[in-house]
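Quick notes on the structure that follows.
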Amino acid sequence: MMNGDLRFNLYCICSMNQLSGRHIIILFLLLNLTTAATSQTLWTHQESAPAYKGKQDDIYFINPDMGWYVNGSGKIYRTRDGGTNWALEFEKPGTYFRCVGFIDSLNGFAGNIGTDYFPGVSDTVPIYKTTDGGKTWSSIVYKGPVIKGVCAIDILKEPFINAGVLDYKFHIIAGGRVGSPAFILRSDDAGKTWSSSDLNKYCAFILDIKFFTPNEGLVFAGCGKDLEKTHACILYTDNGGKTWQKKYESKRPYEITWKASFPTRKTGYVTIQSYDPDSTVAQRYVAKTTNGGKKWKEIKLDADYSCQEFGIGFTDENTGWVGTMKTGYETHDGGATWKKVAMGKAVNKIRLLKTPSGFVGYAIGKDIYKMEIKR
């Protein structure tokens, strides 16, 4: 919608100069394009979500109405009306639920950060599963080396032909953790059986994970165990995780990747988190790929030392958001420019769902925010 002052100014220009109809149309088109380019998406605070004192970590929706969110106090909440109302479904003291993902309305998974990192966490189980929509949860059993904790869960829905009918296989790949060590847990049968693998020779932290096919995927990590020496890095596999190749590494110390978003198969973004104590190192970056993760380039977010990046989400190649400790950022040109937008503080995860009329999005941090885009 065109701003009223801009409409008035355009009317005055047209009246004084007696412009032709063709010129007026051109001016209106240019002004509308400018207004659209500078408009911002409205994120609204979900008042019904219970108050929380710190950063909450993950939220997951299987459709615009039904979703779950988890936090570090061992609580899992559920909504059936798009976040208008939330109910506590499960609570386990001593557990830090870091991530969550669901196959359908009944079957889901929740990752625990594990012990020896955050105070008060006594639970050593890396992943829990539910088969009743989140009312009850049980620990998984897996083969392989012991995994300390999980920071991210990716659910890959693979289509296949089953007796002449289109069907789907579900692969669940989980990675962790912040603060090390680096392991992956994987199930290729919708969570029935699991195995773990050790990635510590490739990286030290795993913060996020994304698979495009059962064989091809990416790990978003930190390459050094010591924080003052670590660089942000991204690993790529084309053989299901048997081996990994480094596709990106930042040149600055005190950095790790955090969360990633792929609006298309080729185009993806990941936040780069800096812990450098030198306040003169103020520039913050996002990494971007346009060829499916094989090559990455850094794009500037903001030259603000206090800007600590967390979650990220894109609806298409150009339109997306980054959550930081203080505020959010929005871009409409693929990260070439960013503007601050109110979407809550410490937004750790942004989930975007395509709808028949556009998109609906949910952002979780200290609070929960929601937005809708009509196309």
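So the values come out like this:
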read-out: Sole residue being touching a strand residue (DSSP E or B) at 6+ places or on another chain (Cβ under 6 Å) and either assigned to a helix (DSSP H, G or I) or at pLDDT 95 or above (or both), chosen from Leu88, Leu33, Leu29; value: Leu88
read-out: Subset of segment 336-375 (residues that are within 22 Å of Ala287 (Cα to Cα) and in a loop (DSSP other than H, G, I, E, B)); value: Ala336, Thr337, Trp338, Met343, Lys345, Ala346, Val347, Asn348, Gly365
read-out: Residue that is in the same structural domain as Ile172 (by TED's automatic domain parsing) and without any contact (Cβ under 8 Å) to a residue 24 or more places away in the chain, where the choices are Pro263, Pro277; value: Pro277
read-out: Qualifying residue in segment 68-80 (condition: under 24 Å from Ala204 (Cα atoms) and without any contact (Cβ under 8 Å) to a residue 60 or more places away in the chain); value: yes
read-out: Residue list for segment 132-147, filter: surrounded by 17 or more Cβ atoms within 10 Å (Cβ to Cβ) and more than 18 Å from Gly241 (Cβ to Cβ); value: Gly133, Gly134, Trp137
read-out: Failed condition for Leu156, given (1) under 18 Å from the mean Cα position of the chain (by Cα); (2) exposed (fewer than 14 other Cβ atoms within 10 Å of the Cβ); value: (2)
read-out: From the options Gly358, Gly334, Gly311, Gly292, residue that is buried (at least 23 other Cβ atoms within 10 Å of the Cβ) and not hydrophobic (A, V, I, L, M, F, W, C); value: Gly311
read-out: Ser48 vs. criteria farther than 21 Å from Ser261 by Cβ, touching a residue at least 12 places away in the same chain (Cβ under 8 Å), assigned to a loop (DSSP other than H, G, I, E, B) and in contact with a Pro (Cβ under 9 Å, 6 or more places away or on another chain); value: no
read-out: Top-ranked residue in segment 217-244 [being over 23 Å from Phe310 (Cα atoms) and free of Cβ contacts under 8 Å to residues at least 24 places away in the same chain; ranked as surrounded by the most Cβ atoms within 10 Å (Cβ to Cβ)]; value: Thr237
read-out: Among residues of segment 159-193, those that are part of a strand (DSSP E or B) and exposed (fewer than 13 other Cβ atoms within 10 Å of the Cβ), counted; value: 8
read-out: Unique match (being polar (S, T, N, Q) and farther than 27 Å from Val70 by Cβ) among Thr290, Thr327, Thr315; value: Thr290
read-out: Filtered residues of segment 262-276 (kept if closer than 18 Å to Thr213 by Cβ and not aromatic (Phe, Trp, Tyr)); value: Pro263, Thr264, Arg265, Lys266, Thr267, Gly268
read-out: Candidates Val270, Val281 - the one that is at pLDDT 95 or above, of a type in the set (Val, Ile, Thr) and under 16 Å from Gly334 (Cα atoms); value: Val270
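The values are calculated or read from the model by the stated rules, or taken from the named source; none is laboratory data. Since the structure is predicted, the reported quantities are computational estimates derived from the model, not experimental observations. In this analysis, Cβ positions are derived from the backbone assuming ideal geometry, glycine residues included, and neighbour counts consider all displayed protein chains.
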